[in-house]
Amino acid sequence: MRMCKYADVQMKNKLCPINKNNSEIRTMIKKLTLFALLFYCFAVKAQTAYTPTADNLASRENFQDMKFGLFIHWGIYSELGDGEWVMHERKIPYNNYKRLADFFNPQGFNAKEWVQFAKRAGMKYITVTSRHHDGFSMFGTKTSPYNIVDATPYHKDPMMELAQECQKEGIELHFYYSLLDWGRPDYAYGSPIVNGAPVKGDWDSYINFMKTQLTELITNYPGVKGIWFDGHWERPAVNWHYDEIYGLIHKLNPAIIIGNNHHVAVKQGEDFQMFEKDLPGNNNTGFSADSKISSLPLETCETINNSWGFNINDRSYKTVKQIIHYLVNAAGRNANFLLNIGPMPNGKIQPEFADTLAVVGKWMQKNGESIYGTRGNLVAPQQWGVVTYKNNTIYAHVLNTPQQPYIFLPSVKGKITKVTLLSDGSSIKFKQQPEGVFIYADHINADAIDTIIELTTK
Ligand code: GLC
């Protein structure tokens, strides 16, 4: 009998003893191949799955501890006093808009003043626009002459001054970075997207441009701890190459936390989740419908008036109470609050923002222990307010007049040993039952902004 070989056509010959099992062998080989393929895919996925480093996890904890940050929108658009979308809204041709750079000369900019402004308000970090949708870089970059150092009579780099001042003063610095660009030919704004890239333009060139700029921002500027992406929603169908972009950032500095204002569920490689103008779980803006809350640290951003960039006509300033309530409501939902201001084109911050935030800062000095370093979601938001906690202490923030003559905290674990008013330490009567804690605070002097009740647990 001749030898049978797997590839031999003779295999089909009935004389070969294993021929009758041919189809079984083929099925087995197919199965093995499929198994090997699945194993390979799994191994590759496991290799590329993002695992945050210990430094990154520490940054996330620290981020959550900081609770309150200053968002700053500042660019050549500030000159027109009509927000950062002015080029788009007023249909200003890019080449005309670019002239704004010729007379952007913020002689009043002083990094010390900005950092002191944030500190006075009780803020612990600053997120500043390094480049917005108009594509103008507010930092010195080698990638394009369209930047504040090369294209304006100012010729200085405010981002460097800010980074250095933040470091000196112990304020953490995050850079806002726009994915969307209205002017660059390689981005080709308005182009149809086919197969994950704009038909016009040069997508690879644009992705490389961003990677180079991000490298500059992370390696040249001291102490950068976060990157805040925005503009994804303009091109949901494009391949943003996040694996490369996020991978690069984490390779350059694994401790940097990445967030993306894409308005959808968090993606692989992100370290915190943000909500635009909404408390987590709300969708008042229409932006948050698809933003399923993740287990990552959370942040919500909101404007001090109704504008991100300087708007000379916007006088709808939020009150001290509105700002504190937003901050407390965010903390109760386990989120940071990033409050935005748009400085004027001369680099100064308008007094209407400064006076309000100085009062907020005084409040934080007095009540900060119930916000900084706390976590939320211990108890779901109630009609009367929200709850934060830290170690053995629970803080009930009574923001609205309770409907009952008591406030009720459902499902509190751990024995409550005492309940006091944070402002003066006076004792408050309470009753702990298996279903929760009843606090009889009807006789105490309610605070006009937030009556904070401290519960000590064993
Ligand atoms: C939106 C706006 C943008 C702003 C951002 C801040 O994405 O388009 O201008 O910078 O919100 O959250």
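Tabulated data for the structure shown
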| read-out | value |
| --- | --- |
| Under the Karplus curve 6.51 cos²θ - 1.76 cosθ + 1.60, θ = phi - 60°, whole-Hz ³J(HN,Hα) for the range 147-154, x wherever Gly or Pro sits | 8, 4, 6, 8, 9, 10, x, 5 |
| Nearest-ten-degree value, helix 22-48 long axis tilted from longest Cα axis of the chain | 30 |
| For N311, residues with placed amide H under 5 Å, excluding near neighbours | G83 |
| Unit Cα scatterers, Debye sum, the chain: log10 I(q)/I(0) for q = 0.09, 0.11, 0.13 Å⁻¹ | -0.66, -0.90, -1.18 |
| Cut-off 13 Å between beta-carbons: net charge of the residues surrounding F438, Lys and Arg +1, Asp and Glu -1 | 0 |
| Kirkwood Rh, Cα atoms: Rg over Rh of the range 186-330 | 1.00 |
| Per-residue ³J(HN,Hα) for the range 269-284, Karplus 6.51 cos²θ - 1.76 cosθ + 1.60, θ = phi - 60°, Hz, x for Gly and Pro | x, 8, 10, 8, 10, 10, 10, 8, 6, 8, 6, x, x, 9, 9, 6 |
| Acute angle (nearest 10 degrees) that the helix 320-332 long axis makes with the longest principal axis of the chain, alpha-carbon atoms | 40 |
| Between helix 351-367 and the chain: long-axis angle, C-alpha atoms, 0 to 90°, nearest 10 | 90 |
| Neighbourhood net charge (15 Å Cβ-Cβ; Lys/Arg +1, Asp/Glu -1) for H155 | -3 |
| CD proxy at 222 nm, helix term only [per DSSP H run n ≥ 4: -39500 (n - 2.57); per residue of the chain; nearest 500] | -9000 deg cm²/dmol |
| Positive minus negative residues near L70 (Lys, Arg vs Asp, Glu; Cβ under 11 Å) | +2 |
| Rg in Å to one decimal, and Dmax rounded to a whole Å, for the range 65-153 via C-alpha atoms | 14.5, 44 |
| Rg to Rh, two decimals, where the range 270-388 supplies the alpha carbon set and Rh follows Kirkwood | 0.98 |
| Lysine pair number, Cα distance threshold 26 Å (strictly under), the range 207-338, separation 8 or more or different chains | 13 |
| Rounded to 5, percent antiparallel among DSSP beta bridges of the chain | 45 |
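FYI, it's all coordinate maths here, none of it is from the lab. All figures in this text were calculated on a predicted structure; none of them were measured in a lab. We place every Cβ from the backbone using ideal geometry, glycine too, and count neighbours over all the protein chains shown.
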